Structure formats: C-alpha cells, structure tokens
Amino acid sequence: MTYYYDNYVENYGKKEDDNCWGKGTYITPKGTLFDVNEYSEIAHAGGFVIPFYMRFINPDEDIIRDSTRKKQLQKLKRWKKELLKEQNKEINSKAQQMRLDLVCYLINIYKSKYIIWDQENKYVDLSYATGIKKETEDFIGRDRILKDVLVMACNYDSIESAFYRTITTSKFNIYETFYDYILHDYKIYQIPKQIYDKKQGKYIHWSLPDYMISDKELRLKMELESICKTVPLEERDKYRRSKIKIKRFDFID
C-alpha cells in the first residue's frame, strides 16, 4: 500500500518554534494523519490517549500504592474488550484506534514476567519488558517514549517537527509505502521494529537483513532516485503512485 500524499501534510512537518518536541503528528496504519498532541488540547480532560497511556507506562505513587500489576492487567483487558465491542461516537475514531493499539501493547507488557512493580518503594520500571529506557524527568522524555512505542511496536509513523520533511518509521517496505512522500523530497528515517517474543516475555528489536529486501523495493528505490534526480520538484505530481484522495486529517470524525 502506498500512502496518499498531498500538500496538506506540509503544515505538520515544519518547525515553527523552539518547542518542537511538543508536536505529535502520526501517520496511522491506514495512511491517514492524526495529531495526538493537538487533539489532547481540544479534547475534554486533556485528551483520550496520552493521559491513559501515562497511567500505565508511568503510574504515579497513588496508583502503585493502591493497585497491583495483576489489577492493572485486568483493567487493560476490560478496556480492550470495550474498545473492540463498540466505538464511542463522542470520541475521535483515530484516538480510539490509537488507544486500542496501545492497550494491546500494554497487555503484553503487563503480563511479562520481567515487570518490576514495587509497592513499598512506589516504583515501577517496565524498561526490560519494553526494550525502551525508562525516562521520567519531564514531559519531553515521556513524549519520546510514546513515539518509540507507536512507531516501533504499533505500526505508526511519525512526521518529525524537528527535521523538515522527515518521517520516522519501522516499516521495511519504505519505498512502496512512502513512494509519494519520497517523490516530494521527504527523508525516511528507519528505526528497528519491535515484536513481542512470547518465549522471552518481552519486546525485542528486529531488523530485516539486506538479503531479504524484495526486488520490488529495489526497483522502486532506483525509480525514485532517477525521477528525483531529473525531474524538478514542482513537476513530480504526475509520477505519484497513489491517485485516490482519502480523508487525510481531522480531530473529530
């Protein structure tokens, strides 16, 4: 699947000020855009995704004191059941899907045998099960962890705000998926994909060996290099692979 591109996305790839890490625009697994940070600003009670995620990935002292890993896992399983059963029409559908994806991720984490849940010292460290270093210093650190989780383990892609026309992904078929983006001079930054290893009970990094790259990917890469080298940017629209316009970006579906 080649993700559809139009100039609308350019609004979310520019660094407007020094506080660039506050942005949170993602390409969903369906190829549409969703800004989780801006949605949290307009939604009731600070949003539907980030506070929920932080409750489980970095629980506060009250939760640690009054709850257990087992109880939290039960809550996550109930949330998964409710989210699969019906969609809440009052909540943005993209936010609901992101929350469901995070719930599935967190269920794997909370059932891992490596979770450290220290009620006496009010301390939780999920880093071994997640494969992501624990950061609790400030909001910036927490935002980065969320991005790592979404991109590495949940099949989302991040449109960077610190680097113009740059997308971070863990996908292997970048030339097919982001053909139209690369055609418009986007740089694709690949990071390792995370998969859940049931035997080890944790997420592990997995990269595709070079010899497993498909012939199609290699052909598309050469094709893009040739077009970008010989055709001016303003004339490249006619070479786009995805011609069907989709509903790209909104906060309230």
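The values are calculated or read from the model by the stated rules, or taken from the named source; none is laboratory data. Keep in mind that this is a model prediction, so the values were computed, not measured. No Cβ is skipped: glycine too gets one built from the backbone with ideal geometry, and neighbour counts run over all protein chains shown. To get the accessible areas, we keep the full protein, side chains included, count just its heavy atoms, and leave off ligands, DNA and RNA. Shrake-Rupley method; radii C 1.70, N 1.55, O 1.52, S 1.80 Å.
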Review point. Just checking, how many residues over region 200-215 are touching a residue at least 60 places away in the same chain (Cβ under 8 Å) and not charged (D, E, K, R)?
Key: 4
Check your understanding: Ile227: on the phi < 0 side of the Ramachandran plot and open to solvent by less than 60 Å² (accessible area, probe 1.4 Å), yes or no?
Key -> yes
Check your understanding: within 15 Å of the chain's Cα centre (by Cα) and among the basic types (Lys, Arg): does that describe Arg165?
Key -> no
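Every residue, every condition in (1) loosely packed, with under 12 Cβ neighbours inside 10 Å; (2) out of contact with any strand residue (DSSP E or B) (no Cβ under 7 Å at 6 or more places or on another chain); (3) over 22 Å from Lys198 (Cβ atoms); (4) at pLDDT below 90, yes or no:
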{"position": "Pro59", "(1), (2), (3), (4)": "no, no, yes, yes"}
{"position": "Asp66", "(1), (2), (3), (4)": "yes, yes, yes, yes"}
{"position": "Leu73", "(1), (2), (3), (4)": "no, yes, no, no"}
{"position": "Leu102", "(1), (2), (3), (4)": "no, yes, no, no"}
{"position": "Asn108", "(1), (2), (3), (4)": "no, no, no, no"}
{"position": "Trp117", "(1), (2), (3), (4)": "no, no, no, yes"}
Revision key, fill the gap. Of the residues in region 189-203, those that are within 23 Å of the chain's Cα centre (by Cα), open to solvent by 40 Å² or more (accessible area, probe 1.4 Å) and of a type outside the set (Lys, Arg) come to Tyr189, Gln190, Pro192, Ile195, Tyr196
